[in-house]
Amino acid sequence: MVDFVGGDPNSAQLECPAVWRDDETRGFYLQGKLVTDPEVMARLAQDVPRGVDEAVVWQPDRLASALRDAATGEYEKGRTGHGKKALETLIREARHSVVHLEQRDEYSAEPEYLGWLEAGKRTDLRAMGAYMAPWKEFVGEVTAKGVVMRRARIVSEPLSDYIEWEHALTEFNVEAGEQVRWLSRRDAYDLLTPTADFYVIDSQLVAFNFNAGDGTSLREYEYVSDPVRVGPVVASFEQVWNRAVDHADYKPARRGLLSPDAT
């Protein structure tokens, strides 16, 4: 029987140092940052050897009481942790920034998008406003705390039907408080960006999100908080952002207007 004893109360993001008690083996499990620093590992090896099936993890002082409780067995039975937080929750908990990079030309075909196509791409601002209302409310809640939300889109030109739809909707993103910029794929080809769309929260946590080949969202996220891996992702977004065009100034190339050598 494995019991959750406690986690770091100051860990606001996805990963969290924690401790569990295993009554059957009369021991406990630790979750923390894997220690890989060569100097630290060399220092620890001076005291005891490390087996091939052993690892060193770092724990904050704040977890001392949970470690004591795990060792003595004096803890509340049946306690549970917060589990894996939803992406929306992590964005709501942002302290200063949220950035989002989109790189696909097709996403999930919502009924509103299909209706827009059937109507000959005629924009019904009232219907669009109703469709975007939940997102506007969400963004307003986040930016009201002083959090800056930026969205960059790398797109093929001429735009796909879906990206035309997104372009028509973007005024609602801007009204909500998002900063939005566009970058033609032709102007982004030499930039090194991850192969999946992503969010970065407070420059510390990356959430990669994945889609099927037809653009359908898989609602699958891969979270990364290791600074060594987060740093290049943050840098890649800033490269895109610095080269991209603000939504108010973006004029996408139209179908049939490309020069013959553009193929």
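Every number here is computed from the coordinates shown, using simple stated rules; none is lab data. The shown structure was predicted, so the numbers you read here are calculated from the model rather than taken from an experiment. Here Cβ is always computed from backbone atoms with ideal geometry, including for glycine, and neighbour counts include all displayed protein chains.
What to note about this one:
- Per-residue ellipticity at 222 nm from helix content only, as computed over the chain with -39500 (n - 2.57) for each DSSP H run of at least four residues, stands at -10000 deg cm²/dmol.
- Axis angle, to the nearest 10 degrees, between helix 227-243 and the longest C-alpha principal axis of the chain: 20 degrees.
- Between amide H atoms placed 1.01 Å from N, distances below 5 Å from Val148 occur with Ser97, Val98, all of them 5 or more places distant or on a separate chain.
- Highest average packing first - 155-168, 49-62, Cβ atoms within 10 Å: 155-168, 49-62
- Backbone HN-Hα couplings from phi across segment 167-172 [Karplus 6.51/-1.76/1.60, Hz, Gly and Pro as x]: 4, 5, 8, 5, 4, 6
- Computing volume of the Cα convex hull per residue in Å³ for the structure here picks out one of (i) 135; (ii) 164; (iii) 197, namely (iii).
- Acute angle (nearest 10 degrees) that the helix 125-143 long axis makes with the longest principal axis of the chain, alpha-carbon atoms: 30 degrees
- The residues Leu87, Leu183, Leu218, Leu205, when put in order of fewest to most other Cβ atoms within 10 Å, stand as Leu218, Leu87, Leu205, Leu183.
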